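I have placed the structure first, in the form of structure tokens, so that the comments after it can refer back to it.
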Amino acid sequence: MTDEQPTVTVRLWHADAVVLFDWLMSTDLNAVPVTHPAQKQALADLLSRLEWDTDTDLTHVTAEEIAAAQDEVARDMGW
């Protein structure tokens, strides 16, 4: 038996990943309303995965790329 937890794979549109990464990097997770501490930890875990995932390399995204991703995602909102 291994100590690893089961995992899931979530495919994100690159623009969504950029927007989420930027938001998580700039958000005080202590100020995010949660109903259980695990929710805050899950957000921190998501940030960590986005930060260290070599396939996405979001740590070098420029302000212009973030703005373009935000525009792209907002166009697809539909609500």
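Annotation: per residue accessible area for region 12-79 equals 73 Å², rounded to a whole number [probe 1.4 Å, protein chains only]. Every helix of 4 or more DSSP H residues in the chain counts as -39500 (n - 2.57), and over all residues that averages to -17000 deg cm²/dmol at 222 nm.
Taking 8 Å as the Cα distance limit and 6 or more residues as the minimum spacing, I'd like the relative contact order of region 1-75 as a percentage.
Working: 37 pairs, mean separation 31.1, N = 75.
41 percent.
Extension gain, Thr62 to Ala42, is 4.7 nm, computed as 0.36 nm per intervening residue step minus the present C-alpha separation.
If you roll a 1.4 angstrom probe over the protein chains with everything in place, what fraction of the accessible area of the chain belongs to carbon and sulfur, to the nearest %?
The C+S portion of the solvent-accessible surface of the chain is 55 percent.
Measuring r between the beta carbons of Trp52 and Thr7 and using R0 = 22 Å, the FRET efficiency lands at 0.95. Sequentially through region 28-36, phi angles give Karplus couplings (6.51, -1.76, 1.60; θ = phi - 60°) of 7, 4, 6, 9, 6, x, 10, 9, 8 Hz, Gly and Pro residues having no value and appearing as x. Multiplying the residue separation of Asp28 and His14 by 0.36 nm and subtracting their alpha-carbon distance yields 2.7 nm. Counting only alpha carbon atoms, the long axis of helix 63-75 and the longest principal axis of the chain meet at about 90°. Taking the chain as the reference, fit the longest principal axis to its C-alpha atoms, fit the long axis of helix 37-52 to the helix C-alpha atoms, and give the angle between the two in degrees, 0 to 90, nearest 10. With rounding to tens, the tilt is 60 degrees.
The values are calculated or read from the model by the stated rules, or taken from the named source; none is laboratory data. Because the structure is predicted, anything quoted here is derived from the model rather than measured. Here the Cβ is made from the backbone with ideal geometry for all residues, glycine too, and neighbour counts use every protein chain on show. Calculation scope for accessible area: heavy atoms of the full protein, side chains included, ligands and nucleic acids excluded. Shrake-Rupley method; radii C 1.70, N 1.55, O 1.52, S 1.80 Å.
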